[in-house]
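Enquirer: Got a structure for you, questions after.
The values are calculated or read from the model by the stated rules, or taken from the named source; none is laboratory data. This is a predicted model, so every value here is computed, not measured. Quick reminder, even Gly has a Cβ in these numbers, built from the backbone with ideal geometry, and neighbours come from all protein chains shown.
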Ligand code: ADP
Ligand code: MG
């Protein structure tokens with residue numbers, strides 16, 4: 001299989017977003033690998049301490065399959081990456097991140113990722129996490145980052161702002177959403193066993209979502225240069 005867009009030959013079978021997909025996978029896998037200890041330390045405080053290790057297992061698998069995933073059309077690659085995360089990550093976060101990517105990929109299908117479709121993809125992905133987790137923002141989970149990120153993306157896309165401004169709005173939403181989890185008491189997942197005692201610590205899943213949003217935005221801004 002030829003990774004689309006790599007090498008600049010542009011053969012008839014080349015995937016137009018292949019190079020982007022390859023860089024997204026590399027950036028996501030790198031940010032998780034660099035933050036394994038930080039994520040597990042947060043999970044040790046209010047969960048069972050495995051969030052960093054869980055995610056690193058899954059994102060390393062994506063990195064190992066990078067060529068194959070980059071050769072597939074974006075929608076299909078997202079669905080396959082989601083399935084791999086479900087299989088490899090385990091815990092609560094595997095099926096949740098898996099649902100996010102699978103729903104995004106299913107929503108895009110074989111279409112090209114126009115701004116309108118990216119908004120629809122992200123909305124569908126976040127809705128799938130809510131459905132799978134029976135949860136919503138305000139419960140000290142990854143949704144406290146994902147929901148405001150989807151809202152910021154939608155608002156910026158509807159307003160038709162430039163890419164840098166859109167990325168700024170998305171990053172601000174992610175950072176604020178993460179920080180807000182500190183003062184929340186968990187009502188879902190393992191941290192909910194602690195009740196009010198979970199207040200004072202950032203949620204590990206919100207932290208990983210925030211890191212992943214930063215990684216994706218970094219790649220998107222590289223593209224704009
Ligand atoms: P586990 O809790 O099974 O050990 P992880 O440690 O990998 O799984 O992931 C924990 C993270 O998963 C939490 O910090 C939280 O963000 C997220 N999470 C757990 N349950 C839910 C849920 N019902 N809805 C949304 N996110 C959840
Ligand atoms: Mg855990």
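Enquirer: Considering 82, 98, 90, 94, which residue is in contact (Cβ under 8 Å) with a residue 40 or more places away in the chain and within 16 Å of ligand 1 (Cβ to nearest atom)?
Expert: 94
Enquirer: In addition: Could you grab me the full set of residues in segment 170-196 that are surrounded by fewer than 20 Cβ atoms within 10 Å (Cβ to Cβ) and closer than 30 Å to residue 219 by Cα?
Expert: Those that are surrounded by fewer than 20 Cβ atoms within 10 Å (Cβ to Cβ) and closer than 30 Å to residue 219 by Cα: 171, 172, 175, 176, 179, 180, 182.
Enquirer: Report yes if some residue within segment 114-127 is closer than 22 Å to residue 42 by Cβ and either assigned to a helix (DSSP H, G or I) or at pLDDT 95 or above (or both); otherwise report no.
Expert: yes
Enquirer: From 14, 111, grab the single residue that is outside any helix (DSSP H, G or I), more than 16 Å from ligand 1 (Cβ to nearest atom), at pLDDT 95 or above and farther than 27 Å from residue 197 by Cβ.
Expert: Matching residue, one of 14, 111: 111.
Enquirer: Against the definition (over 18 Å from the mean Cα position of the chain (by Cα), under 21 Å from residue 40 (Cβ atoms) and at pLDDT 95 or above), how does residue 188 come out, yes or no?
Expert: It is true that residue 188 is over 18 Å from the mean Cα position of the chain (by Cα), under 21 Å from residue 40 (Cβ atoms) and at pLDDT 95 or above.
Enquirer: Right, next: Regarding residue 133, is this residue surrounded by fewer than 22 Cβ atoms within 10 Å (Cβ to Cβ) and either within 16 Å of ligand 2 (Cβ to nearest atom) or at pLDDT 95 or above (or both)?
Expert: yes
Enquirer: Turning to a different aspect of this structure: Here is a list: 45, 41. Which entry is touching a residue at least 12 places away in the same chain (Cβ under 8 Å), within 16 Å of ligand 2 (Cβ to nearest atom), in a helix (DSSP H, G or I) and more than 19 Å from residue 29 (Cβ to Cβ)?
Expert: 45
Enquirer: Quickly run through segment 32-52 and pick out the residues that are within 16 Å of ligand 1 (Cβ to nearest atom), surrounded by fewer than 24 Cβ atoms within 10 Å (Cβ to Cβ) and within 30 Å of residue 19 (Cβ to Cβ).
Expert: Answer for segment 32-52, where residues must be within 16 Å of ligand 1 (Cβ to nearest atom), surrounded by fewer than 24 Cβ atoms within 10 Å (Cβ to Cβ) and within 30 Å of residue 19 (Cβ to Cβ): 33, 35, 36, 38, 52.
Enquirer: Please go through segment 197-211 and pick out each residue that is part of a helix (DSSP H, G or I) and surrounded by fewer than 24 Cβ atoms within 10 Å (Cβ to Cβ).
Expert: Once the filter is applied, which keeps residues that are part of a helix (DSSP H, G or I) and surrounded by fewer than 24 Cβ atoms within 10 Å (Cβ to Cβ), segment 197-211 yields 197, 198, 207, 211.
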